[in-house]
Amino acid sequence: MAIIPQQRLFGWQEIDNLGDLKRLQLVVDYLPDEELMMKLEQERGKGRDDYPVRAVWNSLQAGIVYQHPSIESLRRELSRNAQLRDLCGFDSFLGEKAVPPSYVYSRFIRKLLKNTEEVDKIFEKLVEEISKLLPDFGQVLAIDSKAINSLARGKKRNAEDPKNTDGRRDSDADFGKKVYKGQKEDGSLWEKIVTWFGYKLHLIVDAVYELPVAFTVTKGSASDITEGHKLMDKLTKQHPDIIDTCEILTADRGYDDSKLLVKLWEEHEIKPVIDIRNMWKDGEETRLLDHKPNVVYDYQGTIYCHCPETNTRCKR
């Protein structure tokens, strides 16, 4: 029997075995959001407080923890679950009437968008805390992007017409595209194109602990390489200790950029482990090495010896 000598610091089974309310309680108790709450409460001032800021904020966290696809789905859960309403901080004596209408959530989210700096500070504080707990945190990093579909449809041709302005439409998203290429076992090439209307989440994560250290959200058409440079600059500015700890950064071929490679190695002494893009446009599999009649190489730099008698090749 194989014995595991040491348990992982983050055992997700321990979290999954907890009840739904206990999992939410962990988020509510440990999220460093006090500065954001104080600022939002100050902005409200002496206005009506039918739906307290902290209760609405906690209920939004519940929507994320329980993966509700929409605000209406979250509201239905709050309406039927008195324990959840009580945990979020709504008045238990009001019952279902304590659940905020959908327009309250719309206004609250607009306020959050105006205070993105305070929201980002919550993330930065969490990264700082985990860096203190784990000395090797950030030693191996990985960067990638993920498509996020918008619930809205694509923009119409006349969407820029002021007469068609509608607060319900998604005016920030646009169309993104990713092209995946490869080679089958029989040697034939395949290509898959994925398009979506929405956004891109660009992430740098610790590849060992699988926790994020930096992120940005952009339109779907944003370039991975461009955002990769920005993410590295952002991480260097906000968490220089993680940059000093990092030894390796891994990425797919979408981040194969000479400037990024130079920045990683020469500026930060980070070894880039990034797949190479095929920049050969003529469809050749190999090319002849200069002044070597029987030595060829492919776009990845692999060198082969070619036998003129048997017409075979082997790696060197």
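In table form, for the structure just shown:
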| read-out | value |
| --- | --- |
| Selection status of Asp120, surrounded by fewer than 17 Cβ atoms within 10 Å (Cβ to Cβ) and assigned by TED's automatic domain parsing to the domain that holds Asp20 | no |
| Neighbours by Cβ (under 8 Å, 6+ apart or cross-chain): first from segment 164-182, in the same structural domain as Tyr255 (by TED's automatic domain parsing) and basic (Lys, Arg); second at pLDDT below 70 and surrounded by 10 or more Cβ atoms within 10 Å (Cβ to Cβ) | Lys181/Asn278 |
| Any hit, segment 220-243, residues being of a type in the set (Asp, Glu), within 26 Å of Ile130 (Cα to Cα) and in contact (Cβ under 8 Å) with a residue 12 or more places away in the chain | yes |
| In segment 60-76, the residues that are farther than 16 Å from Val27 by Cα, assigned to a helix (DSSP H, G or I) and within 27 Å of the chain's Cα centre (by Cα) | Ile71, Glu72, Ser73, Leu74, Arg75 |
| Options Lys192, Lys181, Lys200; residue that is basic (Lys, Arg), assigned to a strand (DSSP E or B) and in contact with a Gly (Cβ under 7 Å, 6 or more places away or on another chain) | Lys200 |
| Single match in Ile274, Ile270 (criterion: at pLDDT below 95, buried (at least 18 other Cβ atoms within 10 Å of the Cβ) and either small (Gly, Ala, Ser) or touching a Lys or Arg at 6+ places or on another chain (Cβ under 8 Å) (or both)) | Ile274 |
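The values are calculated or read from the model by the stated rules, or taken from the named source; none is laboratory data. Keep in mind that this is a model prediction, so the values were computed, not measured. Neighbour counts run over all protein chains shown; Cβ positions are idealised from the backbone, glycine included.
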